[in-house]
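First comes the structure, then the notes that go with it.
The values are calculated or read from the model by the stated rules, or taken from the named source; none is laboratory data. Just so you know, these numbers come straight off a predicted model, no measurement behind them. Cβ placement follows ideal geometry from the backbone for every residue including glycine, while neighbour counts extend to all protein chains displayed. Ligands, DNA and RNA are excluded from the accessible area calculation, which covers all protein heavy atoms including side chains. Shrake-Rupley method; radii C 1.70, N 1.55, O 1.52, S 1.80 Å.
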Number of protein chains: 2
Amino acid sequence: MREDTRSRIQEVALELFTEQGYEATSLREIAEELGVTKAAVYYHFKTKDEIVASLAELWAAEMDGLLSWVRSQPKTAPMRRELLLRYAAKLREPRYVGIARFLERNQTALRHHPRIFRMREVLVELVGEMSEPGMSTTTRVSRFMALYTLHAGKWVAGDGPLAEQDLAEASIEVALGLLEP
Amino acid sequence: MREDTRSRIQEVALELFTEQGYEATSLREIAEELGVTKAAVYYHFKTKDEIVASLAELWAAEMDGLLSWVRSQPKTAPMRRELLLRYAAKLREPRYVGIARFLERNQTALRHHPRIFRMREVLVELVGEMSEPGMSTTTRVSRFMALYTLHAGKWVAGDGPLAEQDLAEASIEVALGLLEP
DNA sequence: GTCTATAATCCGATAGAC
DNA sequence: GTCTATCGGATTATAGAC
């Protein structure tokens, strides 16, 4: 009942990249964790970068979808609220929670990786779509932090006992509060 | 008018670690940037880790100071406001802005570094000191994000033209807003 | 304090057998 | 698809001359 090796490589790589960082994780570690050799990994991915690209791809598609949706919408307060809720929902989808954590934690190491670079841009563009002419810097920061809270809110827990579900809901509440003037 | 080599190593290392990430930066690069050899660097620092430790040390001392101050204070709203302003002021001191950025960007790579004072942990402890019994999760997230906004607020700019001074003031304003219930 | 030289190890990546 | 074996180069770190 085993999955195909390619998927298992992605799975293990995602975990190790997230836990240790991209640069600190070698293909040898990934291979050993899987019980295969480095050469086997290279059969499925031509380079280490390609593993990252394959991980970022699904997320990139989601973000492009969200971006084109928001561009078809009028720039109103209800739209901003809806955008925030959609973004929060994406972040909580099981297949994306791991990828989101991986991207959050490897921004610096991968900042010159074209697909990762795009992720940062998307956030900035989303804030751009939430902008209005003559908006104050404070409002701009506030709207940026509204989206960012959906990422950072879960870091409150530390290694404490706060329930995940509870934290996610609280983060959305705080984020919504940041959208109001 | 040159500084001593030890300080220059710290200076260059801080810049490269921040720009490229800790793991992606080699001692060869640091040495070359300084116009000396690797061996010269090793005379001043026994290991690569030790450079990081020396960088984190000043910041750790500042944070310990802030923590012990806050623990001597009553848990009131004015105290929380004062804590936030003090934290913001530290982050803006010229000798700490670089170190703060370095720590922000290398959380994952250095998360198993024993001597690193983890910024996330400090934030969690500071938030703990801002806690009250029976506080809702939403309030807790809100207070965490208040402090975190002081870090993340400056990321709004992307590569855009927003003035640094303007951003810093706006971040403080948003952060103060997050302290109010 | 800084150098040259080098040890020992690990890396990403490839060739070619099976 | 996975293997063994290896290449070429980079890495951290050390020894010892000056």
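Chains B and A together bury roughly 3100 Å² of accessible area, counting both sides, with a 1.4 Å probe on protein heavy atoms only.
Looking at segment A:105-129, which residues lose a minimum of 40 Å² of accessible area between their chain alone and all protein chains in place, measuring with a 1.4 Å probe and not counting ligands or nucleic acids? Checking the loss per residue gives A:Arg105, A:Thr108, A:Arg111. In segment B:133-156, the residues that give up 30 Å² or more of accessible area when the other protein chains are added, compared with the chain on its own (1.4 Å probe), are B:Thr137, B:Thr138, B:Arg140, B:Val141, B:Phe144, B:Met145, B:Tyr148, B:Trp155, B:Val156.
For a paramagnetic label modelled on B:Ser68 (point 7 Å from Cα along Cα→Cβ), amide N atoms under 20 Å away belong, within segment B:107-124, to B:115-119, B:121-124. Largest first, the extents of the alpha carbon coordinates of the protein assembly as shown on the three principal axes equal 59, 54, 41 Å.
Using Cα centres only, tell me the gap between segment A:1-52 and segment B:138-161 in whole Å. Taking the Cα centre of each part, segment A:1-52 and segment B:138-161 sit 34 Å apart.
Membrane-span-like helices in chain B, defined purely by DSSP H runs whose alpha carbon atoms cover 24 Å or more axially and whose average Kyte-Doolittle hydropathy reaches -1.0, are B:48-71.
For chain B, the solvent-accessible area works out to 50 Å² per residue, with a probe of 1.4 Å and every protein chain left in place.
For peptide A:164-174, the mean count of partner chain Cβ atoms within 10 Å of a residue's Cβ comes to 4.
Rounded, prolate or oblate: which fits chain B, taking a ≥ b ≥ c as square roots of the Cα gyration tensor eigenvalues, rounded meaning a/c under 1.5, else prolate when a/b beats b/c?
It is prolate, given that a/c is not under 1.5 and a/b is the larger ratio.
Express the relative contact order of chain B as a whole percentage, based on alpha carbon pairs under 8 Å and six or more residues apart in sequence. Normalised by residue count, the contact order of chain B is 22 percent. At an R0 of 45 angstrom, the distance between the Cβ atoms of A:Leu34 and B:Glu180 translates into a FRET efficiency of 0.35.
Would you mind listing the distances between the A:Ser72 label point and the same position in each other copy? Use 7 Å along Cα-to-C-beta, nm, one decimal, shortest first. Nearest first, the other copies' label points are 6.1 nm away. Classify segment B:1-57: rounded, prolate or oblate, from the alpha-carbon gyration tensor (a ≥ b ≥ c, eigenvalue square roots; a/c under 1.5 rounded; otherwise prolate if a/b is larger than b/c)? Rounded.
GNM, chain A, Cα, under 10 Å: largest mean-square fluctuation among A:Gly65, A:Gly128, A:Gly160? Comparing A:Gly65, A:Gly128, A:Gly160 in a Gaussian network model of chain A, the most mobile one is A:Gly160. For B:Ala89, the distances from its label point to the matching points in the remaining copies are 4.6 nm, ordered from shortest, with each point set 7 Å beyond Cα toward Cβ.
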